[in-house]
Amino acid sequence: MSSAPQPADERWQLLKTIFQAAGSLSPTEQEKYLEVACGGDQTLRAEARELLNADREQRNQQTVAANSLIDGLVGAPRSLKGRRVGAYEILHEIGRGGMSTVYAAARVDQQFHKLVAIKIVRFGLHFEELVRRFQHERELLAGLEHPNIARLLDAGVTEENIPYLVMEYVEGVPIDRYVKTNDLSIAERIAIFRSVCSAVQYAHQNLVVHRDLKPANILVTSDGVAKLLDFGIAKLLRADLYGDHPDLTIPSAQPLTPQYASPEQIRGETVTTATDIYSLGVLLYILLTGKHPFFAQLSTPATLTRAILETEPSKPSSAVAEEADKKPEASVDRLRRQLRGDLDTIILTALRKEPRRRYQSAERLSDDLDRYLKGLPVTARHDTTLYRTSKFIHRHAAGVVATVLAILALIATSALAVRSASIARQQRATAERRFQDGRQFARFVLFQLDDAMRSGITPARKLTIDKALTYLNGLEQESGCEPSLQVDLIEGYSKVGDLQGCFLGPNLGVSNPARNSYVHDLALVSRRVPSSSYP
């Protein structure tokens, strides 16, 4: 069942997106992609297939023309060693791609002995316009002087009108392989990535957009210096270079690697500096996790395209969990903790699908990474008091710990002082009570006891016992663990018991009170000498 009709502009945009995404696929892969991308819209599929067939036929014609010219220059493809290209002699092939081949070469006139890299572009049509544009852009690109950019040294055309570029020769390995081989720490990987950001920012300030940032275009030398290759080549080969032939379709002229392309590149929209920011986000994701943001969708071009356009990438801290079976669990946990929070936010901000919501420049991205390394709050995260406080504590951990310990010591000292003061007050109060007890006992002896003795020994003895019990009960409440007081209490209650009812001496003859005094006295003895101490 066909889908509902779409507005002409919207339908053309959809058709354009499908065509661009499928342009680099083989015929078999193109059919599989169209089946997914077009769904049940048979008319859309037929239109896309017609465009792709026409494009394939045109490219075949261009390839024949281009190869005939190149064969005229260099003969058999494998016999380039020793051939002349301008003032340079080709030494050996370095690599090749769909639109060019790169060779190591040296100047024939021996003006300098450093190696250079020569890129011979494989185009067969409209070379006059291309040459004119190369000459116009050569001075601009040659002026890009940055320690992390492989400079454009020269440019020209051969006698057969085939354009070539002479670049600084860089002997190194792709950046992703370098950080993995050398087992760089997170901080070291960020440092080398920030040098790439510096180069990209410098190029953007000179109105040059790379448009094809990927590990293969960023080599790291044995000294650990990152060098961006082909910087500005994307601009040299943009579609508007073809002057009076705007309808000419050469997909290979669009430097787009799907794994590193931004959503706007996939849709064929205007490319800005934000496009490079997205590619930097993909690169940083890979450098820190070892995985592509859409590693689960890399199986086919169709699923990758759909993921780039519609799916939000998983957090880098979540992606490293997939490596748990390849690395020690402790190592994976440590990496996850390092990525969680600020680095998750920084990378996902660079990977936002809307260009305006990404970092506004490579410098801003680099600055946020620098703030992360210094323990400062990053601008990509929502600023809260709790977040800023946590970053401050993390940044000044030693000072914060020392301050907390000092505060705790002060609190402990203050508590000890308060307790000491409290004990002192208690001791003063106890001394005051004992002084008053002494006064009262003296008054008792001088006044009450004398009066009682005049009435007889028994009333005097009873009054003495009552007064002694009152004193002993009060003293017991304040004795605590003081040994001397406990001895006095034991002797005191024993003597009271004797006076109350001990048959061996004079007593009041009150057996029950005497028994209570003896029992209480034994309890005091037991507390002073625990039963476990007896043999």
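Bear in mind these aren't lab numbers, they're just calculated from the coordinates by the rules spelled out. In this text the structure is predicted, and so the values were computed from the model without any measurement. Cβ coordinates were reconstructed from backbone atoms using ideal geometry, including for glycine residues, and neighbour counts include every protein chain displayed.
Under a 5 Å amide H cut-off, with hydrogens placed 1.01 Å from N, L228 pairs with I149, A150 among residues at least 5 apart or on other chains.
Once backbone amide H atoms are built at 1.01 Å from N, A87 has no partners under 5 Å, excluding neighbours fewer than 5 places away on the same chain.
Computed from the C-alpha gyration tensor, the three semi-axes of the ellipsoid equivalent to the range 279-367 are 22, 18, 9 Å, from longest to shortest. Here the spin labels are modelled as points 7 Å beyond Cα on the Cα-Cβ line, and at E269 and T300 they lie 2.6 nm apart. The trypsin sites (Lys or Arg not before Pro) of the range 291-378 that meet both conditions, a loop assignment by DSSP and at most 10 other Cβ atoms within 10 Å of the site Cβ, are K326.
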